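Below you'll find the structure, written out as structure tokens, and then a few comments.
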Amino acid sequence: MDKRKKSRRRKILLWLGVDLFIAAVVFALLLHKPSRYHPPAPARTDPNGQEVDPYLHRDLWSKFYNGAQRQRPFEMVVLDKALNQAIALSRWPQESSGVTLSAPEVIFSPGRIVLMGTAKIEGADFVMTVEFGPQMDDQGNLNLLVEKVKVGAMNITPLAKMVAKKMYRERLETAAVDMQDIRTKLAASLFNEEPFEPVLKVEDKWVRLKSFDLTDGQFTAQIVPAPPSRGTVPPGRSPRGN
């Protein structure tokens, strides 16, 4: 009888040890810091109150605005290092739904856009990574496909996509949403894999993203004049029939 009790106790301790080992591995994976994550140092407060980095205002927005107003094809080149320095000037950390976000970083690589950042949850810091594989179809529609979502070194892509799609559909069902608003189209692409017409209005002029190229450290976009956007699908409907 004593032998049976000892054997049972050993099995319980063995399984408890296995459970603790698995929990330790999972926790270590979640706390892992990817080697490519090198966000810029937090920006110091500007005594003059400047909050917009010159790269965003002078090099990007001014060029985009002027190109749109001229109504001629033009090229936009975005460098991830300069973009990250500009992002660092924003007010960080930021809090949302009990999660504190800080140290964001954008990485351009061949065919990929990678967003990384630190999320503080219940006092623990986790590095979040989201990889996008943007694609354009034969009709010139853009889809911002989410390829991978990771917390530390743990891949949570299927779960993240399922939750995002559920939240997106609940939003459509419970609130009035303008399906032709560019922000709604971006959300539909990110959360429900719906392609959209990449057309944007700049004051009274319209421009279209004709093509783009992603290489190490650089995003290059070819932009052309466009007629007013009529949308890719009627309001409230998905091109996939979802």
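Per-structure values
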quantity: Unique match (being among the charged types (D, E, K, R) and under 23 Å from residue 39 (Cα atoms)) among 183, 91; calculated: 91
quantity: Members of region 110-143 found to be small (Gly, Ala, Ser), surrounded by 14 or more Cβ atoms within 10 Å (Cβ to Cβ) and under 15 Å from residue 33 (Cα atoms), listed by number; calculated: 117, 119
quantity: Subset tally (residues that are out of contact with any helix residue (DSSP H, G or I) (no Cβ under 9 Å at 6 or more places or on another chain) and either over 15 Å from residue 116 (Cβ atoms) or exposed (fewer than 13 other Cβ atoms within 10 Å of the Cβ) (or both)) for region 78-98; calculated: 7
quantity: Unique residue being in the same structural domain as residue 65 (by TED's automatic domain parsing), under 27 Å from residue 74 (Cβ atoms) and without any contact (Cβ under 8 Å) to a residue 40 or more places away in the chain when the list is 174, 184; calculated: 184
quantity: Residue tally, condition assigned to a strand (DSSP E or B) and more than 27 Å from residue 129 (Cβ to Cβ), over region 158-203; calculated: 4
quantity: Test: residue in region 116-131 that is closer than 27 Å to residue 199 by Cβ and either modelled with pLDDT under 90 or not in a loop (DSSP other than H, G, I, E, B) (or both); calculated: yes
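The rows are residues; the columns are (1) more than 30 Å from residue 223 (Cα to Cα); (2) among the hydrophobic types (A, V, I, L, M, F, W, C); (3) part of a helix (DSSP H, G or I); (4) modelled with pLDDT of 80 or more.
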residue: 5; (1), (2), (3), (4): yes, no, yes, no
residue: 22; (1), (2), (3), (4): yes, yes, yes, no
residue: 34; (1), (2), (3), (4): yes, no, no, yes
residue: 43; (1), (2), (3), (4): yes, yes, no, no
residue: 48; (1), (2), (3), (4): yes, no, no, no
residue: 51; (1), (2), (3), (4): no, no, no, no
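The values are calculated or read from the model by the stated rules, or taken from the named source; none is laboratory data. Since we're looking at a predicted model, the values are computed, not measured. Counting neighbours? That spans all protein chains shown, and the Cβs are built from the backbone with ideal geometry, glycine included.
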